[in-house]
Structures are given as C-alpha cells and as structure tokens.
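What follows is calculated from the coordinates using simple rules that are stated; it is not laboratory data. All of these numbers come straight from a predicted model, not from anything done at the bench. Cβ: placed from backbone, ideal geometry, glycine included. Neighbour counts: every protein chain shown.
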Amino acid sequence: MTPANGLLTSSGFTFSLNPYTGCAFGCSYCYVREMPAAKYRDEDWGKYVDIKVNAASLLESEAKKANRRGEALSIFMSTATDPYQGIEAKTKLTRSLLEVMLSLKEDMKYLMVHTRSPLSTRDIDLFQKFGEKILISMSIETDLDKIRKVFTPAAPPIPARLNALRTMTEAGIPTRASISPMLPLSKKVAKKFKAVTNQVALDDFFMGDGSRGARTERMGIRKKYEQLGLLQWYEPGAYKKVLAILEEEFDNIDVFHEHTQFKQY
C-alpha cells in the first residue's frame, strides 16, 4: 500500500494499491507516462508489465500495521496501472488482493476498484461480499469506439465495457461509469450510461492529470485532437457541455477536481 496524497487525500482515500508496474493497455494520454519510473525506463509505456508477486502477503502485513496505527483503510485500486489488464487472467494477483481485503473487511472503510477491463466481471463473487464498502469504477472515456481506437487502441472496446458495467450493476454491486479522462463523446452518452449504472463521474485532462494539463500537453495529445478536427474538445471548459447532458439523466455527478469528495463516503 502507498499512502495517499494530493487529489486522493482530498477525495477521502488513505492508500493506493497497484498490483502491477506498467500497463499493457498503453493509453496515449496516461499521466503515468510522465512519471519518473516510466519516463526513464528502457521499454516504452505499454510494452512492459511487472508482477508484484508477493503483493498479497505484503498487503496483509501492511494493512494490519495501518490498523494498529489507527489509520483508516480507504483504498484506491489502482492509480498507476489497471488491476484487470490481460495478464491478470493468468496471475489472479488482483483477485488474491481482494481476498486479503475481504479477510480484513471489518477494518476497512472503503475500496474503489478503478479499471477499464471487462475481466473485472470475473470477480463479481468477491465484489458482492464487500456490500456497500466497494465501488467498481469503470473508466469509459468516450461512448464512441472510433474515438477509443485513436487514443487507446490496445484498451478494451467501449461496448464490452458497457456490458461489463451492466452485468455488475445487475449483480447488485455499486458501480459507476467514469469519464476519465474525457474524450469526445456523443449526445447519447448520458442515456447509454444510465442504462448500465446509477452513478457517473467526470474528469478531463486539466482536472485529472496532476499538473492542470501540462503533462498531457507534453505528451502531444493536442495534436491528436487537431488531426481529428476536434480541437474544441481540448480546452478547460469543454467538460461543461458534457456535464449538462449528464445532468439530464443523473441526479449526482462527481466532477473530479481538487476539492471533490466522493459521494459514496
């Protein structure tokens, strides 16, 4: 577990948890690309995944120490990788971490699982045991798969993510669609999301990359928008038009910024 800081702390989390180092989805806009651990590695981001093989035993030990110190266990999984990328199907590392957290459930305050992978449905049986102490946040940056293919071609297709979210919602698990980070969307996005979940969050490059958009600018994302002729979507206030559409279907929307408190707390 890594002690939370910055935006995670202001959102009520005390720890982040990353089962892997690196991520095979290799999203072009991922802020982790600009972090030292990735920036100065020989392999390109998206080309490597390190497995933290002893993560489950470490988690149990660290969680118990945190409890003895009186620290609340409000965990965000994950901040710098996807806990359900392809290799998880074989390693079941994330599943082992969930099993550890379930054994400590009485001492846990909250767990958010943030992913963009339909593989997450594999662990519905464990999610259900957390009751209201868990939220599955499915990252769906756009409802247009043609846009997804431009920015993150190795990530799961949008229809598969929507179907996964519906499956978990229907299984009684607290879920949300997380537009994170916001890419160009259609006017039907709110209705599409309402059909699969009861909660939604909204984030863009300027609110969520940890540097008010500077990291995203350095990665050349603006050029992709220019090539698509969609530069109007790449500006600090662009999220407001999406927010207005979402408000037609959702009563409460988490808009991610420095002072956001997740409403599940």
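Quick notes
- Solvent-free Debye calculation, one equal scatterer per alpha-carbon of the range 35-126: log10 I(q)/I(0) at 0.11 Å⁻¹ equals -0.37.
- In the range 93-144, the alpha-carbon atoms span a convex hull of 82 Å³ per residue.
- Considering only LEU119, LEU165, LEU104, the mean-square fluctuation computed in a Gaussian network model of the chain, springs between alpha carbons under 10 angstrom, is largest for LEU104.
- Using C-alpha pairs under 8 Å with a sequence gap of at least 6, the mean separation divided by the residue count of the chain gives a relative contact order of 18 percent.
- Each Lys or Arg adds one and each Asp or Glu subtracts one; over the other residues with Cβ under 12 Å from the Cβ of LEU144, this totals +3.
- The coefficient of translational diffusion for the range 66-193, derived via Stokes-Einstein from the alpha carbon Kirkwood radius under 20 °C and 1.002 mPa s, stands at 139 µm²/s.
- Scattering profile of the range 2-255 at q = 0.07, 0.08, 0.10, 0.16 Å⁻¹ [log10 I(q)/I(0), Debye over alpha-carbon scatterers]: -0.23, -0.30, -0.48, -1.29
- Each residue of the range 26-35 was assigned a 3J(HN,Hα) from its phi angle through the Karplus curve 6.51 cos²θ - 1.76 cosθ + 1.60 (θ = phi - 60°); the sequence is x, 4, 5, 9, 4, 5, 5, 4, 8, 7 Hz, with glycine and proline shown as x.
- Taking 7 Å steps out from each Cα toward its Cβ at ALA89 and GLU62 produces label points 2.8 nm apart.
- Evaluated with a Cβ-only charge set (Lys, Arg +1; Asp, Glu -1), the range 13-58 carries a dipole of roughly 80 debye about its Cα centre, given to the nearest 20.
- Judged by the ratio a/c of the largest to the smallest principal axis of the C-alpha gyration tensor, the range 132-265 counts as prolate, that ratio being 1.5 or greater while a/b is larger than b/c.
- Neighbour net charge for MET1 - beta-carbon separation under 15 angstrom, K R +1, D E -1: +2
- Check: the range 2-255 dipole with +1 on Lys, Arg Cβ and -1 on Asp, Glu Cβ, in debye: 340
- Taking amide H positions as modeled 1.01 Å from N, with prolines and chain starts lacking one, the residues under 5 Å from THR175 and 5 or more places away or on another chain are ILE136, ASN198.
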